[in-house]
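See structure below.
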Amino acid sequence: MAFTLPALPYAPDALAPTISAETLAVHHGKHHATYVKKLNELVKGTEFATMALDELITKAPTGKIFNNAAQHWNHSFYWRSMSPTGGGKPTGALAASMTASFGSVAEGIKQLTAAATNHFGSGWTWLVTDKRGALSVMETADAGLPQTSKKIPLLTIDVWEHAYYIDRRNDRAAYVKGFLANLVNWQFAADNLAMATAK
Ligand code: ZN
């Protein structure tokens, strides 16, 4: 079965004005779609053609197949890391884990903000956990993802320029600030934490 582009979990204009419909049209409809198209071309006739994406990203060697598969995985996860009703503060078990891991929720958000704003070049900033619920902030370059370092992703911020250039030009700090203030889907992160730490 070929890999397919997932539909956005909200209307294309639902994240505006923080992220415009034009940015989503290009980011989802062109960039993400191209990773999926290239992945399908690259895996044709290989052992990866019938592999589930979750398995493929941990088994593909460094190179084109990994890069396109990981970018497909990362973007699918990124769309769900945002919500039109996002923002605010984490609550419940996620807030408790952030306090235990960072000292406070505010410190965890501060570390996420700093990592995403200052990451050099293209890549991704993540809130990750281990199986015991110890949270940390992680940066990956290019198509990199936490699973290859045995970490479990809870939430991601795409810091490739294509995520913000139409709306913010070179001002990545404004994009990161808007993401965390208005869009971040803490419920998605909380659900991922619950699954990751389930016995
Ligand atoms: Zn992207």
Kindly provide the set of residues from the range 138-165 that are β-branched (Val, Ile, Thr), out of contact with any Phe, Trp or Tyr (no Cβ under 7 Å at 6 or more places or on another chain) and either within 10 Å of the ligand (Cβ to nearest atom) or without any contact (Cβ under 8 Å) to a residue 60 or more places away in the chain (or both), ordered by number. Ile152
Condition first: in contact with a Ser or Thr (Cβ under 8 Å, 6 or more places away or on another chain) and under 15 Å from Thr125 (Cα atoms). Now tell me which residues in the range 157-177 satisfy that. Ile157, Val159, Trp160, Glu161, Ala163, Tyr164, Arg172, Ala173, Val176, Lys177
Mind checking whether some residue in the range 22-39 is loosely packed, with under 14 Cβ neighbours inside 10 Å, in a loop (DSSP other than H, G, I, E, B) and modelled with pLDDT of 95 or more? no
Could you tell me which residue of the range 59-85 is farthest from Asn192 (Cα to Cα), considering only residues that are among the hydrophobic types (A, V, I, L, M, F, W, C) and within 13 Å of the ligand (Cβ to nearest atom)? Ala70
Which of the residues spanning the range 6-53 are farther than 25 Å from Leu183 by Cβ and of a type in the set (Asp, Glu)? Glu41, Glu47
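Every residue, every condition in (1) more than 14 Å from the ligand (Cβ to nearest atom); (2) among the small types (Gly, Ala, Ser); (3) part of a loop (DSSP other than H, G, I, E, B), yes or no:
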| site | (1), (2), (3) |
| --- | --- |
| Thr99 | yes, no, no |
| Glu107 | yes, no, no |
| Thr117 | yes, no, no |
| Gly121 | no, yes, yes |
| Thr125 | no, no, no |
| Val128 | yes, no, no |
| Ala189 | yes, yes, no |
Looking at Trp124 and the list (1) open to solvent by 10 Å² or more (accessible area, probe 1.4 Å); (2) in contact with a helix residue (DSSP H, G or I) (Cβ under 9 Å, 6 or more places away or on another chain); (3) aromatic (Phe, Trp, Tyr), which single condition is not satisfied? (1)
Flag if Glu47 is among the acidic types (Asp, Glu), away from the ligand (no atom under 16 Å from the Cβ) and in the same structural domain as Arg172 (by TED's automatic domain parsing): no
Hey, among the residues in the range 86-117 that are among the β-branched types (Val, Ile, Thr) and open to solvent by less than 40 Å² (accessible area, probe 1.4 Å), which one's farthest from Ala163 (Cα to Cα)? Val105
So which residues in the range 153-187 are under 18 Å from His75 (Cβ atoms) and open to solvent by 20 Å² or more (accessible area, probe 1.4 Å)? Trp160, Glu161, His162, Tyr165, Ile166, Asp167, Arg172, Asn185
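The values are calculated or read from the model by the stated rules, or taken from the named source; none is laboratory data. A quick note: this is a predicted structure, and the numbers were derived from the prediction, not measured. No Cβ is skipped: glycine too gets one built from the backbone with ideal geometry, and neighbour counts run over all protein chains shown. Keep in mind that these areas ignore ligands, DNA and RNA; they rest on the heavy atoms of the full protein, side chains included. Shrake-Rupley method; radii C 1.70, N 1.55, O 1.52, S 1.80 Å.
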